[in-house]
Amino acid sequence: MQWRIEEKGFNQEKIEFFGSKFSVGNGYFGYRGTLQEYGKEQLAACTLSEIFDDNGNGWREPINMPNGLLTKVYYRNKPLSVLDSKILEHTQGLDLSAGKQYRQTTLETEDGKKVTIEANQFASIDNIHLLVMEYSVKAEAAMELTIQTGIDEEIWNINGNHFASIEQKAEGAVSGLVCKTLQDSKEIAIGQLVKITKGNGTVTNDDTDITFALSLQPGETFAFEKYVAIGKDTDCENPWESVMAFCSEASDTGFETLLSKQSAAWKKRYDSFGLSIEGDEEALQAIYYSYYLLYSSAPTHTDKVAIPARGLSGQVYKGAYFWDTEIYMLPMFAYCAPEIAKNLMMYRVHNLEGAYEKAQEYGYRGAFFPWESQEKGQDGCTHYNLTDIFTGRKMRTYFRDKQVHISADVAYGIWKYVTITKDKSILLEGGAEVIMECARFFNSYAYFKKDKDRFELLDVTGADEYHERVNNDAYTNYMVWLTAKITLEVLDFLAKEHPDHYQKVMEKLDYEKELPEVKEMAEKIYLSKPNQDGIIEQFSGYFKEEDLSIEELYSRIIEPNEYLGSPVGLAVNTQIIKQADVILLLSLLSEEFSEDVKEKNWAYYEPRTEHGSSLSTCIYALLAAKIGKVDWAYQFLMKAAKLDLLGNYKQYLGPLYIGGTHPAANGGTWMVAVQGFGGLEAVEDGIVLNPHLPEHWKQLSFRFVYGEYICQACMDSKGISLQVEADTDAPLRVKVRDQVLTAKVGENYFAL
Ligand code: IFM
């Protein structure tokens, strides 16, 4: 496995993209992959999880902290940097094995002398408050240099300033800032401690600016380590006291020891992933990179947040948590790191109140979860989410009001977590209430058509966001049906296994009257069936829309950035869709549909899918792999897996930055490799392994958890070896192709 992802040479055009590509993070904060000399113009940012703010001028977004790693080198009072000087050599990279960003740059001074800057930095996993850097400058010839390092208060924000006050602090060796947010007066402190590790210089301190005046001899290196700590009042009683202590402890420990702890922590994470592919280094690295990115934004320390749609790589999408969490990110965590999956689902449980409020706001009962959920479960999604490029006017969009499938996705997520981990404790800790209230919401939303004796879901937006306010979107209807079924199963489980709890929730939620109605909804909801050609209509009337190629649609575009979806976009009255919708349904509810239907729908919908969302290609790959269309699957896997490596996405929509990392695609990548090609599926009474490997994958191996079983599956074209660990003698039920087999603790082999 090639652990280093590296770019040689400097390209001004790629500054923003590399900022995302080389980002580091630990779930508490993310730090963009920018160079130390960068400022807000180059989108340097340290994005915090959990704290959001509204500066009263648009939308709430997460906090970007003052940049604690800002470091600049000066020669003859002029900056010496990639932005200002002649670059002789430059390398920027990410060492996945330690979650560490590095750079090495050789610059030439105006009088032809060489200076080499090297730096390494990482967001510590061992102490999630810490950002650690080592920085060195080597002079090839004798010269006087000045290095300034400090905390940059010029903060890059998408939607305005978020601090009411920033107070300078300095005590002992630690200097820093205590910031208060505008909206909620949340206190966040950032501290820095700098330690010279090589060479000598005159040091001056001015507030948070630390200056080294150096007189270097030929070949001499000056180096320092910098420990930056961040603490907020939601997790530190006295944030400033805490960051002082974190900086001092880190400095006592030293960079090298912290780095070896960091490598050990990442190794543990990769061990729980346990993935290897023989015969495809490129795919392997891209899959590891996806895992790295997703894990870097994961809340390991709290169940009060989830993973934002752009991870912690910035403030895009208001730092909000979408259905991306349940449908795209959850599976990887549930199988590889169940404790994180539980955190993600408990975030929804804690925010049931917000979902009640939203349902009431729209006149419904039960839990209508936010489309763009923020820290207390409030919906960050605005009614006017887009701007018309032609008129400059805000456009009324219905993501917030009509993507009702979000509540079904949440119920599905909790149930998936339970199915994979067998940890039913979440149901007793509020998970059952969430599921029941989601079903209640749909019971109040669904419309009973007497003449057809069925429930319909009218005026919704499905996964495909180009077609808003449609009737009976297939994905939505099936997911609502599933929510009703899950509710019945959960209540059945509680009634049998935890009768007291059953009684309690039934009373607390006043559910006696609801229950028969949920049952009826499960039986009578309209589920659109494949037509004579085997195709499931995406929504009622979809087939009547203009059927044209994507090229033809593109030829009608007037402005490169014009929006193709509702209300007036070019795709609205056509069959061109933004992202996987029916194909997502067939992937998630795979057992409900025949192979023939899956294949026909894939072939029908793919040419009509623009893949305008990063949530799309992985799902096409997943379904293709599940049905053994390995060539289709492989090319779509590579698109999803390499998205953040190649930066094949838009950085800007007009003046608005929309770049960053893509956690949903990262999670989707894992799903394709393990659930698609490896054919893994956890079911109620065991696991399914139904591999379809690309021809050049000589062997695929991966680790997963199913209940109390920890398994390592290793498969090739001939068979599957399954190494099982568990504290039980009960064999694990394994379905391989059509055979139902059992696996005991130890080594098992199943021929294919
Ligand atoms: O949740 C997605 C949505 O499906 C498509 N637009 C982007 C959102 C955030 O990733």
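Summary of values
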| read-out | value |
| --- | --- |
| Viscosity 0.692 mPa s, temperature 37 °C, Stokes-Einstein D of the chain from Kirkwood C-alpha radius, µm²/s | 121 |
| Rounded accessible area of I558 (nearest 10 Å², 1.4 Å probe) | 130 |
| Projected-area average for the range 92-243 over all orientations - Cα convex hull basis, square nanometres | 10.9 |
| Fully extended contour minus Cα-Cα distance, from S215 to E552, at 0.36 nm per residue | 114.8 nm |
| Trypsin sites (Lys or Arg not before Pro) restricted to the range 621-672 and DSSP loop, no more than 16 other C-beta within 10 Å | K650 |
| Within the chain, percent of DSSP bridges classed antiparallel, to nearest 5 | 95 |
| Other-chain or far-sequence residues with amide H under 5 Å of D84's (modelled H) | none |
| Compactness of the range 172-220 - radius of gyration and Dmax, Cα, Å | 16.1, 53 |
| Helix 352-361 vs. the chain, principal-axis angle (Cα, 0 to 90°, nearest 10) | 70 |
| Between 0 and 90°, nearest 10: helix 630-646 axis offset from the chain longest Cα axis | 30 |
| Mean residue ellipticity (222 nm) of the chain, computed from DSSP H runs ≥ 4 via -39,500 (n - 2.57), nearest 500 | -9500 deg cm²/dmol |
| Stretchable slack from R469 to N200, in nm (0.36 nm times residue separation minus alpha-carbon distance) | 90.1 nm |
| Contact order normalised by residue count of the chain, Cα under 8 Å, 6+ apart, percent | 11 |
| Per residue solvent-accessible surface (Å²) - the chain, probe of 1.4 Å | 37 |
| In degrees, nearest ten, helix 239-253 long axis to first principal axis of the chain (Cα) | 70 |
| Residue among A320, A309, A334 farthest towards the positive dipole end of the range 276-336, charges placed on Cβ | A320 |
| Square roots of five times the Cα gyration tensor eigenvalues for the range 477-553, Å | 40, 12, 11 |
| Whole-number percent relative contact order across the range 452-574, with pairs defined as alpha carbons under 8 Å at least 6 apart | 30 |
| Anisotropy class of the range 533-673 from Cα gyration tensor, a/c 1.5 cut | oblate |
| In Hz, Karplus ³J(HN,Hα) per residue of the range 431-441 (6.51, -1.76, 1.60; θ = phi - 60°; x = Gly, Pro) | x, 5, 4, 4, 4, 4, 6, 5, 4, 4, 4 |
| With DNA, RNA and ligands ignored, accessible area of R76 (1.4 Å probe; Å², nearest 10) | 130 |
| Debye, to nearest 20: dipole size of the chain, +1 on Lys, Arg Cβ, -1 on Asp, Glu Cβ | 560 |
| Solvent-accessible surface ranking, highest first, for D716, D547 at 1.4 angstrom | D547, D716 |
| Peptides ranked, highest mean first, by Cβ atoms within 10 Å: ranges 5-11, 218-224, 700-706 | 700-706, 218-224, 5-11 |
| H90 long-range amide H proximity, modeled H, under 5 Å | G9, T106 |
| Protection proxy ranking, peptides 588-600, 504-516, average beta carbon neighbours within 10 Å, highest first | 588-600, 504-516 |
| Cα-based reach from K14 at 25 Å (exclusive), listing lysines while leaving out same-chain residues under 8 positions away | K40, K72, K78, K86, K100, K114, K318, K639, K642, K650 |
| Rounded to the nearest 10 Å², the accessible area of S613 at probe 1.4 Å | 20 |
| Sequence ranges 664-672, 65-73, ranked by mean other-Cβ count within 10 angstrom, highest first | 664-672, 65-73 |
| Unsatisfied cross-links (Cα-Cα over 28 Å) in the set K529/K626; K304/K598; K424/K485; K449/K513 | K304/K598 |
| Under the Karplus curve 6.51 cos²θ - 1.76 cosθ + 1.60, θ = phi - 60°, whole-Hz ³J(HN,Hα) for the range 719-727, x wherever Gly or Pro sits | x, 10, 9, 10, 8, 10, 10, 5, 8 |
| Contour excess over end-to-end distance, with Cα ends at D596 and E747 and 0.36 nm allotted per residue | 50.8 nm |
| Charge dipole (the chain, unit charges on Cβ, about Cα centre) - positive-most of S263, I196, G366 | S263 |
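The values are calculated or read from the model by the stated rules, or taken from the named source; none is laboratory data. These figures come from a predicted structure and were not determined experimentally. Glycine also receives a Cβ, built like all others from the backbone with ideal geometry; neighbour counts cover every protein chain displayed. Keep in mind that these areas ignore ligands, DNA and RNA; they rest on the heavy atoms of the full protein, side chains included. Shrake-Rupley method; radii C 1.70, N 1.55, O 1.52, S 1.80 Å.
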